[in-house]
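Enquirer: Dumping the structure here so I can ask a few things about it.
The values are calculated or read from the model by the stated rules, or taken from the named source; none is laboratory data. Given the structure is predicted, the values throughout are model-derived calculations rather than measurements. These area figures cover heavy atoms from the full protein model, side chains too; ligands, DNA and RNA do not enter into them. Shrake-Rupley method; radii C 1.70, N 1.55, O 1.52, S 1.80 Å.
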Amino acid sequence: MLTFKAKSARTKYTNIIMQKVFDEGVEGFKSDGYNPHNPSSMKYREWERGYNRAYFTNLKKVLERENNA
């Protein structure tokens with residue numbers, strides 16, 4: 001059985017990987033919008049979450065600019 005410290009290290013590693021995939025999704029919105037991950041994987045969902053975050057952040061900026069114009 002894994003010790004608490006080993007679980008914690010694995011969780012930290014997983015969080016770093018998922019943050020990287022999230023950031024790739026944000027960059028994907030800015031560039032091509034292609035998700036390279038398997039649709040049934042956690043990385044696919046995390047990439048989509050990053051893409052959606054960038055989309056809605058951009059939408060908010062666009063709407064603010066339209067209202068100020």
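Enquirer: Residues ARG10, ARG53: which one is at pLDDT 95 or above and open to solvent by 70 Å² or more (accessible area, probe 1.4 Å)? If you could, list the steps in order and put the result at the bottom.
Expert: On the way: ARG10 fails: at pLDDT 95 or above.
Going through ARG10, ARG53 in turn, just one is at pLDDT 95 or above and open to solvent by 70 Å² or more (accessible area, probe 1.4 Å): ARG53.
Enquirer: When only residues in the range 13-43 that are closer than 19 Å to TYR55 by Cα and among the aromatic types (Phe, Trp, Tyr) count, which is most open to solvent (accessible area, probe 1.4 Å)?
Expert: Looking at the filtered set, the residue picked out is TYR34.
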